[in-house]
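Asker: Okay, handing you the structure first.
The values are calculated or read from the model by the stated rules, or taken from the named source; none is laboratory data. Quick caveat, the model's predicted, so the values are computed rather than measured. Positions of Cβ are backbone-derived with ideal geometry, glycine not excepted, and every protein chain shown enters the neighbour counts. Protein only, heavy atoms only, side chains kept; ligands, DNA and RNA dropped before computing areas. Shrake-Rupley method; radii C 1.70, N 1.55, O 1.52, S 1.80 Å.
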Amino acid sequence: MDNDRKHQPPAKRRDGGGHPSREELVRRVAELEAALTASEEARRCAEEKAAPLFLDAPLPAMVTTLPGHAISEVNEAWCRLFGYRREEAIGRSWPEFALDPEPPAGLSTLARKEGASLASFEQTVATRTGERLLVAIDATLVTLGEGEGALSYLRDITDHRRIEEELKQLNDSIDLTIRERTEGLCAALEALSAEVAERQRAEELLRQSEERYRKVVEDQTETISRFNANGELTFVNEVFCRIFGKTREELLGHSWHPAAYPADVPAIEKGLSTMTPENPVVVIENRIANGAGEIRWMQFVNRGFFDAGGSLVETQSVGRDITERKQAKERLREAMQFSEQVIRSAGEGIVVYDLDLRLRVWNPFMETLCGMKAADVLGSLPESSLPFEDAAQVRSALENALRGEGSAGLDLSYRVPEAGRHGWASLLPSPLVNTRGEVVGVLCTIRDITFRKELENELVQALEQAQEANVAMKRLVNTVAHEFRTPLGLLTGSVDVLDHYWDRLTPEKRGEQNARIRNAARQIALLVDSVTSYEISGRVRGEAKAPLALEVAESCRAIAQEVETVWGGGHRFAMSVGDGIGELPLDEVLFRRIVQNLLTNAFRYTPAGGKVELKLSREGDRLLLEVADDGIGIPEEEQPHIFEAFYRSSNVETRRGLGLGLSIVRDALDTLGGEIRVASSPGEGTVMLVEIPLVR
């Protein structure tokens, strides 16, 4: 009962003037004070519950005033990050901690009236010890008493950014290592070639001192053997026996063939057959199967001994194991082949210049792009080899690379007149460094980005066309709405008159209203035809249809009668038809658009009582159509623009029109392959001369 009584509305007590009594006013004030006290208590409780969440948050957090950015509260994580006590931080301005200006999406955006309620950005700050940190800040707009503030959570992303930089440096280091390894392989090949030459010189000395080496033959590490003209072994040393795993007794008197790899025997025999008294030494490299069944590579220096008649008597062969050298050469060859394949098969240009900016590497991609073979351009300067039109910018980029400076790459236009080709390519020069860290040249990668540039241009053009189409659409809608308003008003007015006053109108008056209705309907039909003939892009829809036999004169008379019915106002119209004008092969739809729009303009812009003429003639396989009037004419400086969509001359004054008629005529003539010329002077009239080819 008490609760029911409590929620019942108090009785309204009024004084004699109809105003609340003093007791009722006191009661209302008390109720408002109680509600305010309850609201304050609820807010205080909410703040007490939220405070521990803020202070104990694992992420550094702070509250700043807006727009002054004064720090009003920080949590323990914030204090640990910056090294300040809470009492030292409160009251200071946040910009004191920042080392760079506030970014555009910073805290100030929250202070603007039209700003967002959230802001996320990065900023460099300094701790108490002077340490620089990069922090990511997520700020939210909050209410502080009667003002506004920002609650911001901070994340230290310094290590994350450092790791990103280290990864980039690691990638650069890997690229450098690949280049250095390639250079090292080239150097190893040169050293190996020098070693081969040195070995050959040593073997020549060995042949010259054969008798001296014979005394110490058993102490040699190379295999030494002798065989007669029949190929039978007559001598082998201990090294020979050890390698082939046989005793002298098992070898002497037998052919040397089993010692060689079977597939190599024909080549060995061919090499031995080239020995002559004049050229008694032959060096042969072939495979053998040793005593353990392993396939090894050996190099044999064979010397032939001949009798006085020049016949071969005996051959001495000194061999050594070159398996490791062969394997090293094979690895080097594979590495060089791999590098060569990478360069040759790369889908982009690879070009190398030395310290003098002389061309040293020119891969097949560049041969295709520039139409020049490597043999024709190696050793040339950049201006003679690269097809870029801005040669000065290219040389500057290459010289910067020689100084060890990196480059973000350049997008440059190129032109190859010999191939009739032009386009765009990106050039990325970088220093070429040897194993000692010295810059020894410039490595350039070149990509053909013509397709990408063309797409960019097409997108820009498409955007411009879309914007133009949008403007044209707005203009078309506004113009059509304006032009339809007048005939629709006439139509509606005449229909209203007939509906309300039919029984009071004479037959003549009814006929006048019906004539107005028909005239307005024809105007609307002509407007609809103009609009449907025009696309937003300003072109006539479709292509010319197959020409049919059209009675030109009759068609022109019918069109002229329709136009005169709508736009005539006491005009004097005359039509003349020359010889050869009968049934002609024409696209009826496009021909009607041409005649209808030219006559409409002639009647529309010729004052009442003026003269309009239509002349038809023929010259060979061309139909000539001339429309002349003595109307208002067209200013000479405006005549180049009259065939543009929606263009209207400055002297048309209040005469209605869409500005589409001559644009439709021009586009219809373009489709038919025809031409139009105009002769006009203000106040003297206009002559439009049209030529249309007759398709048979």
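Asker: Looking at (1) touching a Ser or Thr at 6+ places or on another chain (Cβ under 7 Å); (2) at pLDDT below 85, can you tell me which one Thr65 breaks?
Answerer: (2)
Asker: Would you mention how many residues in the range 576-597 are open to solvent by 50 Å² or more (accessible area, probe 1.4 Å) and either touching a His at 6+ places or on another chain (Cβ under 9 Å) or closer than 20 Å to Val665 by Cβ (or both)? Working first, answer last.
Answerer: The first filter runs over the range 576-597 and keeps only residues open to solvent by 50 Å² or more (accessible area, probe 1.4 Å), leaving 576-577, 579, 583, 588-589, 592.
Subset that is either touching a His at 6+ places or on another chain (Cβ under 9 Å) or closer than 20 Å to Val665 by Cβ (or both): 588-589, 592.
The total comes to 3.
Asker: Assuming Glu164 fulfils every condition listed in (1) in a strand (DSSP E or B); (2) open to solvent by 40 Å² or more (accessible area, probe 1.4 Å) apart from one, which condition is it?
Answerer: Only one criterion in (1) in a strand (DSSP E or B); (2) open to solvent by 40 Å² or more (accessible area, probe 1.4 Å) is unmet by Glu164, namely (1).
Asker: For the range 263-382, which strands (runs of 3 or more DSSP E) that fit wholly inside it have 2 or more residues that are free of Cβ contacts under 8 Å to residues at least 60 places away in the same chain and in contact with a helix residue (DSSP H, G or I) (Cβ under 8 Å, 6 or more places away or on another chain)?
Answerer: Working: elements: 281-289, 295-306, 312-321, 349-354, 359-362.
Of the strands (runs of 3 or more DSSP E) lying wholly inside the range 263-382, those with at least 2 residues that are free of Cβ contacts under 8 Å to residues at least 60 places away in the same chain and in contact with a helix residue (DSSP H, G or I) (Cβ under 8 Å, 6 or more places away or on another chain) span 281-289, 295-306, 359-362.
Asker: Scan the range 330-351 and tell me whether some residue there is out of contact with any Asp or Glu (no Cβ under 8 Å at 6 or more places or on another chain), under 30 Å from Val239 (Cα atoms) and open to solvent by less than 40 Å² (accessible area, probe 1.4 Å).
Answerer: yes
Asker: Could I ask something else about it? Check the range 39-54 and report whether any residue there is under 49 Å from the mean Cα position of the chain (by Cα) and either at pLDDT below 55 or surrounded by 11 or more Cβ atoms within 10 Å (Cβ to Cβ) (or both). Give the steps one after another, and end with the answer.
Answerer: Here is the first cut: in the range 39-54, the residues under 49 Å from the mean Cα position of the chain (by Cα) are 53-54.
Those left that are additionally either at pLDDT below 55 or surrounded by 11 or more Cβ atoms within 10 Å (Cβ to Cβ) (or both): 54.
Yes, because at least one residue in the range 39-54 is under 49 Å from the mean Cα position of the chain (by Cα) and either at pLDDT below 55 or surrounded by 11 or more Cβ atoms within 10 Å (Cβ to Cβ) (or both).
Asker: Same structure, new question: Could you go through the range 192-201 and let me know if any residue there is among the β-branched types (Val, Ile, Thr), under 26 Å from Glu324 (Cα atoms) and either modelled with pLDDT under 85 or assigned to a helix (DSSP H, G or I) (or both). Outline the logic, then answer.
Answerer: We begin by selecting, within the range 192-201, every residue among the β-branched types (Val, Ile, Thr); these are 196.
Filter once more, so that each one left must be under 26 Å from Glu324 (Cα atoms): 196.
With either modelled with pLDDT under 85 or assigned to a helix (DSSP H, G or I) (or both) added as a condition, the list becomes 196.
Scanning the range 192-201, I find at least one residue that is among the β-branched types (Val, Ile, Thr), under 26 Å from Glu324 (Cα atoms) and either modelled with pLDDT under 85 or assigned to a helix (DSSP H, G or I) (or both), so the answer is yes.
Asker: So, Phe300, is that one under 25 Å from Lys326 (Cα atoms) and surrounded by 18 or more Cβ atoms within 10 Å (Cβ to Cβ) or not?
Answerer: Details: under 25 Å from Lys326 (Cα atoms): yes; surrounded by 18 or more Cβ atoms within 10 Å (Cβ to Cβ): yes.
Judged against the criteria, Phe300 is a match.
Asker: How many of the residues in the range 121-156 are open to solvent by 20 Å² or more (accessible area, probe 1.4 Å) and among the polar types (S, T, N, Q)?
Answerer: 4
Asker: Sticking with this structure for a sec: List, please: which pairs have Cβ atoms under 8 Å, are six or more places apart or on different chains, and start with a residue in the range 493-514 that is touching a residue at least 24 places away in the same chain (Cβ under 8 Å) and assigned to a helix (DSSP H, G or I) and end with one that is of a type in the set (Lys, Arg) and open to solvent by 70 Å² or more (accessible area, probe 1.4 Å)?
Answerer: These pairs meet every condition: Ser494/Arg516.
Asker: How about the range 446-462: which of its residues are outside any strand (DSSP E or B) and either in contact with a His (Cβ under 6 Å, 6 or more places away or on another chain) or under 23 Å from Thr368 (Cβ atoms) (or both)? Break it down into steps so the answer makes sense when it comes.
Answerer: Initial filter on the range 446-462 (outside any strand (DSSP E or B)): 449-462.
Across the range 446-462, the qualifying residues are Ile449, Thr450, Phe451, Arg452, Lys453, Glu454, Leu455.
Asker: Any residue in the range 242-262 that's under 17 Å from Ala292 (Cβ atoms): show its pairings with residues that are of a type in the set (Gly, Ala, Ser) at Cβ separation under 6 Å, as long as the two are six or more apart or on different chains.
Answerer: Phe244/Ala259; Phe244/Gly291; Gly245/Gly291
Asker: Let me ask you something else. Being within 58 Å of the chain's Cα centre (by Cα) and at pLDDT 90 or above narrows it down to one of Arg287, Arg331, so name that one.
Answerer: Details: Arg331 fails: at pLDDT 90 or above.
Just one listed residue meets the conditions, Arg287.
Asker: Let me ask something else. Could you tell me which of the residues Thr606, Thr600 is of a type in the set (S, T, N, Q), at pLDDT below 85, more than 14 Å from Cys556 (Cβ to Cβ) and open to solvent by less than 20 Å² (accessible area, probe 1.4 Å)?
Answerer: Thr606
Asker: Which of the following residues is aliphatic (A, V, I, L, M), surrounded by fewer than 12 Cβ atoms within 10 Å (Cβ to Cβ) and under 24 Å from the mean Cα position of the chain (by Cα): Val460, Val416, Val394?
Answerer: Working: Val416 fails: surrounded by fewer than 12 Cβ atoms within 10 Å (Cβ to Cβ); Val394 fails: surrounded by fewer than 12 Cβ atoms within 10 Å (Cβ to Cβ).
Within the list Val460, Val416, Val394, the selection yields Val460.
Asker: Next question. Within the range 69-95, work out how many residues are open to solvent by 30 Å² or more (accessible area, probe 1.4 Å), touching a residue at least 24 places away in the same chain (Cβ under 8 Å) and part of a loop (DSSP other than H, G, I, E, B). Even if it seems obvious, please write down each step before you answer.
Answerer: Residues of the range 69-95 open to solvent by 30 Å² or more (accessible area, probe 1.4 Å): 70, 72-73, 76, 80-81, 83-88, 90-93, 95.
From the residues that got through so far, the ones that are touching a residue at least 24 places away in the same chain (Cβ under 8 Å) too are 70, 72, 81, 83-84, 93, 95.
If we keep only those that are part of a loop (DSSP other than H, G, I, E, B) as well, we get 83-84.
Going through the range 69-95 one residue at a time, the tally reaches 2.
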